[in-house]
Amino acid sequence: MAESTRNVTIRWRIPPPIIALLLFLPIVAGSYFKPFNVSYDHRALIVAGKRRMLVSAGVHYPRATPQMWPDLIAKSKEGGADVVQTYVFWSGHEPVKGQYNFEGRYDLVKFVKLVGSSGLFLHLRIGPYVCAEWNFGGFPVWLRDVPGIEFRTDNEPFKKEMQKFVTKIVGLMREAKMFCWQGGPVIMLQIENEYGDVEKSYGQKGKDYVKWAASMALGLGAGVPWVMCKQTDAPENILDACNGYYCDGFKPNSKTKPVLWTEDWDGWYTKWGGSLPHRPAEDLAFAVARFYQRGGSFQNYYMYFGGTNFGRTSGGPFYITSYDYDAPLDEYGLRSEPKWGHLKDLHAAIKLCEPALVAADAPQYKKLGSNQEAHIYHGDGETGGKVCAAFLANIDEHKSAYVKFNGQSYTLPPWSVSILPDCRHVAYNTAKVGAQTSVKTVEPARPPLGSMSILQKVVSQDSASYISKSWMALKEPIGIWGENNFTAQGLLEHLNVTKDQSDYLWHKTRISVSEDDISFWKKNGANPTLSVDSMRDVLRVFVNKQLSGSIVGHWVKAVQPVLFVQGNNDLLLLTQTVGLQEYRGAFLEKDGAGFRGKAKLTGFKNGDVDLSKSSWTYQVGLKGEAEKVYTVEHSEKAEWSTLETEASPSIFMWYKTYFNTPDGTDPVVLDLGSMGKGQAWVNGHHIGRYWSIIAQKDGCDKTCDYRGAYHSDKCTTNCGKPTQTRNWGNPFKISVKTVTAGILCGQVSRSHYPPLRKWSTPGFMNGTMSINSVAPEMHLRCEEGHVISSIEFASYGTPRGSCEKFSTGNAMHPNRYQSSLRLVKDSTAASLKCQTLHFRVTHVEEL
Ligand code: GAL
């Protein structure tokens, strides 16, 4: 078939105008690629008739703004990705049952089109349960209210809603011509997510659900393969895939399926009060190289860019607003170096091996030592001739190994893989980082200079950039604030009442206290106590509008002493959620919020007061939320007053101010470190929750050793004092800052590999020239809009230390290197400072 097509092309030489017309047709059918099909065999995905080794970059579109998408996709491509992978976020697309939203950060089609127009493929994981540290695992909260529903099992109401949403998304892709056979980028889909982890809890119904989900998905005629990750009983015509820190031992559940890694956890997420995870680049590269070494063919970084959980989208309990994830692109979309660069080199090395990797049906195995092994791929190249690539691994966690392979000697650092695209020369070793290290600096933002007088410019350069010297304040009432409250007997489940329209739920009841009670407490020297069997995530207790205390925890017992006066007292309980459960195993729909079990007041003369039976008045949310005082349009209607610097802070306050868009192109951040706990909006956009909670003291390693198996508690940073919340904040100290890579460092030695791009020089791959004759190089580059402002350190010979701690060794070492950084000898180290690129404007201005 292929042969005859080729012949046809040659024979049918048609005049130019008609060729133009023929080429035009596929562009109308689908705009980004000549339509192609995707299938698979046991070795790899087959894209447009060819097996492919694919590298995929996880980027979740609603975790960035649409303005950021083109840059994130471009940086994924530049980093060596072939594919972008994203989940689809049901709760964002169908916030109200039957009402869809595909606007702004949820403009899925726009995102997919951008991926296509950059020439990358897309793996769309529809779920629609996605987990993903997303509120409620991606399910819209209204789904709980569908009568008779049980999530993720053989349950008709659930299956109906799931099918409706999945059909909607597949339809959307088809209509926009986004599938590869239509000329779009979508090459693969996903149904469900790690259902294998919970399937047992559902018994036979779980097994039936898997079969149903598979056939429902296939029935949609999307025309590309579907994946079920972590699903050992995935049906024959659905791919199963691995998720984890390492997946090199993974075997799919059928010999006809390729080895896919849908989630390579290159970092981890963080909770309020937790430390910041960090996965070393060397270990990540090791895991990826081992995967392709042992037969893997598709690997996705979860996440390549993590981004931000805007609004109230972060899952829980207690997931923070940032979803940086220690990904190769940081929360702001800046390269996280050396991770980004080290992986870029790795991807280039894997690409060089691709012809051999796809030519072989399986690798040839060779033991090189007790903890060392080689996998060799060889076969016939596509363009004729033999191809060969090899991976040499040393899985010893401590020692380097000296091995012989094909008659040559190789040194393998501990816990590393060397990649040999020609079975002879090392193009890359996972433990040798040639990429630059960037140290991020956060600086006060510079106001737009153009609009200022010279005097203002001088002043603004020096002053700490607090966002504003003038703030407006609006008091949020404590307790029931409006008409739309209701009274019911007993303690209601929080989500049943709030429908997650707000984090907050007020509960109010009246407690009458007799003279006898008061004298009883005086006599015993004890106060009554509120005791709640179980609560999540934050509970604030007020008596007569005065705060008695706050309790933080996830399904913990709450015990809070309270002070009552004689007569009637208002007992106010405010329950708060900080991200709904996203992964709790099975039965997510049964996981509510607020209180569980009983609540009582103890210590009264006549025995306990059972609050679970009391009459309670409920109000959902805050008054300011209901009045939308955070929007530009509604803000003016509220009665704001000027905040005095010495004003005593109130428990619940709205604050607002104005600031100018800072100068330059660096990412802008708000430093809310002076505040307690709350939520923030900019121009009516909800940017997320904040909480100045301090990370736990212990658990951070002083040094980070990349060697040995990674887990999320290894190499964490940012440990501090015991977790605590600062009380009420000071808005005058909020500042606007910009983030950039302010300091860059690099170090290479003779034992590093030559630049990967040199491999494209004719002669290297076919062995007529030796790559060994090419010296390694070090490249340092500032972020766009920045220039090198100074060279802090530059030395060759035997420099020591690491980034920001370099020192010269004993060999020749011209420090303070002036003109260029071409320092090549045994070893070279350098560090630079980057500065914002200033444009000099010369004009005269009258003061
Ligand atoms: C996986 C899950 C992802 C994400 C990840 C942790 O189990 O499939 O959605 O939650 O864990 O970041």
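The values are calculated or read from the model by the stated rules, or taken from the named source; none is laboratory data. What you see is a predicted model, and the numbers here were worked out from it, not measured in a lab. Virtual Cβ from ideal backbone geometry, glycine too; neighbours counted across all protein chains shown. Only protein heavy atoms, including side chains, enter the accessible area calculation; ligands, DNA and RNA are left aside. Shrake-Rupley method; radii C 1.70, N 1.55, O 1.52, S 1.80 Å.
For this structure, a couple of remarks:
- Complete set of residues in region 106-156 that are more than 19 Å from V224 (Cβ to Cβ), within 16 Å of the ligand (Cβ to nearest atom) and outside any loop (DSSP other than H, G, I, E, B): W134, N135, F136, G137, G138
- Residue match in region 515-527 (condition: surrounded by 16 or more Cβ atoms within 10 Å (Cβ to Cβ) and within 18 Å of K613 (Cβ to Cβ)): no
Residue by residue, here is whether (1) open to solvent by 90 Å² or more (accessible area, probe 1.4 Å); (2) in contact (Cβ under 8 Å) with a residue 12 or more places away in the chain; (3) of a type in the set (A, V, I, L, M, F, W, C) holds:
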{"residue": "Y365", "(1), (2), (3)": "yes, no, no"}
{"residue": "L368", "(1), (2), (3)": "no, yes, yes"}
{"residue": "H375", "(1), (2), (3)": "no, yes, no"}
{"residue": "D380", "(1), (2), (3)": "yes, yes, no"}
{"residue": "F391", "(1), (2), (3)": "no, yes, yes"}
{"residue": "N394", "(1), (2), (3)": "no, yes, no"}
{"residue": "H398", "(1), (2), (3)": "yes, yes, no"}
{"residue": "A401", "(1), (2), (3)": "no, yes, yes"}
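- Among the residues making up region 685-696, those that are more than 16 Å from T308 (Cα to Cα) and either open to solvent by 30 Å² or more (accessible area, probe 1.4 Å) or in a strand (DSSP E or B) (or both) are I693, I694, Q696.
- Within region 243-257, not a single residue is outside any loop (DSSP other than H, G, I, E, B), among the hydroxyl-bearing types (S, T, Y) and within 16 Å of the ligand (Cβ to nearest atom).
- All of (1) assigned to a loop (DSSP other than H, G, I, E, B); (2) over 30 Å from G196 (Cβ atoms); (3) among the hydroxyl-bearing types (S, T, Y) hold for Y655 with one exception: (1).
- Any hit, region 169-186, residues being within 16 Å of the ligand (Cβ to nearest atom), on the phi < 0 side of the Ramachandran plot and free of Cβ contacts under 8 Å to residues at least 40 places away in the same chain: no
- Test result for F305, aromatic (F, W, Y) and more than 16 Å from the ligand (Cβ to nearest atom): no
- Comparison of L601, L547 shows that the only residue that is aliphatic (A, V, I, L, M), touching a Pro at 6+ places or on another chain (Cβ under 9 Å) and surrounded by 14 or more Cβ atoms within 10 Å (Cβ to Cβ) is L601.
- Flag if G333 is open to solvent by less than 10 Å² (accessible area, probe 1.4 Å), away from the ligand (no atom under 13 Å from the Cβ), closer than 18 Å to Q436 by Cα and part of a loop (DSSP other than H, G, I, E, B): yes
- No other residue among S650, S674, S612 is hydroxyl-bearing (S, T, Y), in a loop (DSSP other than H, G, I, E, B) and within 30 Å of T509 (Cα to Cα) apart from S650.
- Condition met for Y301 (touching a residue at least 40 places away in the same chain (Cβ under 8 Å), open to solvent by less than 10 Å² (accessible area, probe 1.4 Å) and assigned to a strand (DSSP E or B)): yes
- Residue in region 277-287 that is open to solvent by 20 Å² or more (accessible area, probe 1.4 Å), away from the ligand (no atom under 12 Å from the Cβ) and touching a residue at least 12 places away in the same chain (Cβ under 8 Å) present: yes
Conditions tested, residue by residue: (1) open to solvent by 10 Å² or more (accessible area, probe 1.4 Å); (2) under 19 Å from the mean Cα position of the chain (by Cα).
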| position | (1), (2) |
| --- | --- |
| I238 | no, no |
| Y245 | yes, yes |
| K251 | yes, no |
| G267 | no, yes |
| G274 | yes, yes |
| F291 | no, no |
| G316 | no, yes |
| S322 | yes, yes |
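- Filter result for G267 (in a loop (DSSP other than H, G, I, E, B) and either on the phi > 0 side of the Ramachandran plot or within 16 Å of the ligand (Cβ to nearest atom) (or both)): yes
- Selection of region 53-68 for residues being of a type outside the set (S, T, Y) and surrounded by fewer than 20 Cβ atoms within 10 Å (Cβ to Cβ) yields P66, Q67.
- Considering residues of region 336-351 that are outside any loop (DSSP other than H, G, I, E, B) and out of contact with any helix residue (DSSP H, G or I) (no Cβ under 8 Å at 6 or more places or on another chain) only, the residue surrounded by the most Cβ atoms within 10 Å (Cβ to Cβ): G341
- Among the conditions (1) within 19 Å of L122 (Cβ to Cβ); (2) over 27 Å from the mean Cα position of the chain (by Cα); (3) open to solvent by 10 Å² or more (accessible area, probe 1.4 Å), K168 misses just one, which is (2).
- For region 80-104, filtering for residues that are farther than 30 Å from T153 by Cα and either buried (at least 23 other Cβ atoms within 10 Å of the Cβ) or of a type in the set (D, E) (or both) leaves 4.
- Count of residues meeting criterion [more than 16 Å from the ligand (Cβ to nearest atom), under 30 Å from K205 (Cβ atoms) and either in contact with a Pro (Cβ under 7 Å, 6 or more places away or on another chain) or small (G, A, S) (or both)] in region 550-587: 1
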